[in-house]
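Nothing in this text is a laboratory measurement; each read-out follows from the coordinates by a stated rule. No experiment lies behind these values; they were computed from the predicted model shown. Ideal geometry is used to build each Cβ from the backbone, glycine not excepted, and the neighbour counts take in all protein chains shown.
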Amino acid sequence: MDQPPSSVKLLGSWADSHTHRVQLALKLKGLEFEYQEEDFINPSPALLLHNPVYKKVPALLHGGRSIVESIVILQYIDETWTDNPIMPADPSERAVIRFWCHFTDDKLAPAVGLVFSSSGEGQKAAVDQVHENLKLLERELKDGAFKGRRFFGGDKIGLLDIVLGCGSYWLAVFEEVMEVKLIDPNPSPSSMHGCETSRSNRR
Amino acid sequence: MAEGENKGLVLLDFWVSPFGQRCRIALAEKGVEYEYREENLRDKSPLLLKSNPVHKKIPVLIDHGRPVCESLNIVQYIDEKWPDRAPLLPADSYARAQARFWADLVDKKMYESGTKLWKLKGEAQEEAKKEFIEILKLLEGELGDKKYFGGDTFGLVDIALVPFTAWFYSYEACANLSAEKEAPKLVPWVKRCRERESVSKSLPDPLKVYEFVCFLKKVYGIE
């Protein structure tokens with residue numbers, strides 16, 4: 001049963017890609033929500049109350065309760081407001097989406113972070129790692145579970161598109177700031193296409 | 001037909017892996033038959049490498065040729081594939097979010113922190129002990145007076161955590177850390193879980209786990 005959209009509040013941070021994920025999901029679902037900007041260096045009492053374990057954004061407040069961790073939040077949004085689903089119905093497909101979401105957060109994102117925080121040979125190795133990770137995704141798009149799809153979610157943006165698309169914003173920033181090429185347009189045309197399509201849908 | 005394809009359910013696993021045990025518990029809760037295949041982690045099978053090319057790790061559940069990787073992913077897949085019995089996640093979306101949050105926390109914290117207890121020595125080990133005790137107390141607080149983490153029904157968080165209890169003996173032997181003393185409220189929960197056949201049949205003997213840890217310490221050159 002769909003919940004009334006009132007009393008949804010998001011504690012987030014303008015630069016945080018995990019916050020962007022939640023904002024995008026709420027917008028895709030056509031949900032009104034209140035947004036509260038958080039200083040992620042000095043978490044507010046509200047954030048400490050609603051995310052006592054990790055003390056981080058994003059935190060979604062709904063009906064007086066809080067949900068944290070962006071991928072948990074995205075699934076909560078999808079299961080609470082069931083129009084315009086962002087997850088497929090089939091258990092196998094759902095497992096594939098979850099796998100690549102965790103890959104993004106556990107492998108790809110830390111690799112990108114390492115590019116930003118390293119230099120010289122270490123940075124070169126980190127860039128190579130990012131390329132390797134992107135190639136794995138590329139393979140799934142070309143020949144694997146996502147073959148022939150416009151988005152990872154099929155004809156529409158789904159949960160994995162949201163997760164990757166919001167991260168791609170920072171990829172572009174890092175590329176410019178660090179003067180490294182993370183998304184190589186030659187080997188990865190489909191992931192470039194995915195990023196661009198996701199980015200244009202965010203506006 | 002290539003090996004492992006279209007052969008019903010196959011679980012590629014390693015006996016001592018708490019991640020593999022999660023999958024065994026979930027399959028047993030659902031009463032689903034499957035073929036268990038022990039992997040030699042120093043000589044991984046072509047099937048494992050093909051089924052999990054990204055991480056090359058167990059466990060992998062292969063369902064009529066389609067692999068599912070990562071233990072919590074596998075447990076949720078099992079729950080969604082057989083929704084008619086023994087639900088492992090609650091129906092309510094908020095309760096589901098809580099279950100996913102805590103299961104994910106166990107994933108992020110328990111294995112790495114527990115491993116440090118037997119891999120490290122001296123001051124580093126003392127730091128690791130403090131960290132591990134914090135995690136146990138956090139989990140103890142979340143369990144509270146409930147029968148299981150999800151309330152009255154055994155579910156995802158219990159499945160995520162209970163395999164690590166077979167390592168408590170090793171943590172005590174290697175690091176002089178008694179999980180039972182540090183988080184006494186978990187003790188009745190452990191007993192309750194072990195009374196379930198799915199758990200008692202899936203978890204290894206803690207002494208055998210300790211033998212394995214001693215073997216690993218030799219391999220890594222740790223005293």
When you scan the stretch B:189-205, how many residues do you find that are surrounded by 17 or more Cβ atoms within 10 Å (Cβ to Cβ), assigned to a helix (DSSP H, G or I) and in contact (Cβ under 8 Å) with a residue 40 or more places away in the chain?
5
Among the residues of the stretch A:112-120, is any without any contact (Cβ under 8 Å) to a residue 12 or more places away in the chain and within 23 Å of B:Asp104 (Cα to Cα)?
yes
Out of the stretch A:52-83, which residues are in contact with a strand residue (DSSP E or B) (Cβ under 6 Å, 6 or more places away or on another chain) and free of Cβ contacts under 8 Å to residues at least 24 places away in the same chain?
A:Ser66, A:Ile67, A:Val68, A:Tyr76
Can you tell me which residue in the stretch B:83-134 is surrounded by the most Cβ atoms within 10 Å (Cβ to Cβ), limited to those that are within 14 Å of chain A (Cβ to nearest Cβ) and within 19 Å of B:Cys214 (Cα to Cα)?
B:Tyr111
Can you report the number of residues in the stretch A:86-99 which are under 19 Å from B:Lys81 (Cβ atoms), in contact (Cβ under 8 Å) with a residue 40 or more places away in the chain and not acidic (Asp, Glu)?
4
For the stretch A:69-122, list the helices (runs of 4 or more DSSP H) that sit wholly inside it and hold at least 3 residues that are within 8 Å of chain B (Cβ to nearest Cβ); which are they?
A:70-80, A:91-103
Might you let me know whether the stretch B:28-47 holds any residue that is more than 14 Å from every other protein chain (Cβ to nearest Cβ), within 14 Å of the chain's Cα centre (by Cα) and aromatic (Phe, Trp, Tyr)?
no
Only one of (1) touching a strand residue (DSSP E or B) at 6+ places or on another chain (Cβ under 9 Å); (2) within 22 Å of B:Lys109 (Cα to Cα); (3) not in a helix (DSSP H, G or I) does not apply to A:Tyr35, and that is (2)
